[in-house]
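The values are calculated or read from the model by the stated rules, or taken from the named source; none is laboratory data. Please read all numbers here as calculations on a predicted model, not as lab measurements. Please note: Cβ atoms are built from the backbone with ideal geometry, for glycine as well, and neighbour counts cover all protein chains shown. Note: accessible area is taken over every heavy atom of the protein model, side chains too, but ligands, DNA and RNA are not part of it. Shrake-Rupley method; radii C 1.70, N 1.55, O 1.52, S 1.80 Å.
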Amino acid sequence: MFSPSRDEARRFFFDTWGKYRRGEALVGLEKVALQVISLHPEYHALLDDPERHLDHDYSPEDGGLNPFLHLSLHLAVEEQLSIDQPRGIRTHFERIAQATGSEHDAKHALLECLAEVIWQAQRSHTAPDNGLYLECLRRRPG
């Protein structure tokens, strides 16, 4: 399993955005990352300035959202949807997208549940629980 460091994950987003801005070809996960980045224009200026933002700490106490965590969770959700893993996630996504009228909003619902499950796993020092993840999704509108 690929487990990049914080800086490696951030560099991936900076590099992908930079390649796109320079008109260079994107490959593999870079293409998916660009789709996610494109949905978030509020992060474009940040991605244009890696020297300023590579080492910036984002803490919940600051009241802001960590843009790199948000983008990374989007990538995880895209991968989960592409392989329907955990099994049934795609059905939940489609139901939520139908209810909200927005695929992007539905993906945000998925990543909110994913973030909750990851937080619970970190707190209890266990692997993320797919059952809790799917239960969280079941409680979403739709």
Residue in the stretch 79-86 that is in a helix (DSSP H, G or I), under 20 Å from Asp129 (Cα atoms) and among the acidic types (Asp, Glu) present: yes
Inter-residue pairs, beta-carbon under 7 Å, first closer than 14 Å to Asp15 by Cβ and without any contact (Cβ under 8 Å) to a residue 12 or more places away in the chain and in the stretch 26-51, second surrounded by 14 or more Cβ atoms within 10 Å (Cβ to Cβ) and among the hydroxyl-bearing types (Ser, Thr, Tyr), 6+ apart: Leu26/Thr16; Leu26/Tyr20
Lone unmet requirement of (1) in contact (Cβ under 8 Å) with a residue 60 or more places away in the chain; (2) at positive phi for Phe68: (2)
Condition check for Glu112: under 20 Å from Val36 (Cα atoms) and either among the charged types (D, E, K, R) or open to solvent by 80 Å² or more (accessible area, probe 1.4 Å) (or both): yes
Residue, most open to solvent (accessible area, probe 1.4 Å), within the stretch 87-106, restricted to residues that are part of a loop (DSSP other than H, G, I, E, B) and within 18 Å of Leu39 (Cα to Cα): Gly101
Test: Ala127 is of a type in the set (A, V, I, L, M) and either assigned to a loop (DSSP other than H, G, I, E, B) or loosely packed, with under 12 Cβ neighbours inside 10 Å (or both): yes
Every residue from the stretch 119-128 that is at negative phi and over 18 Å from the mean Cα position of the chain (by Cα): Arg123, Ser124, Thr126, Ala127
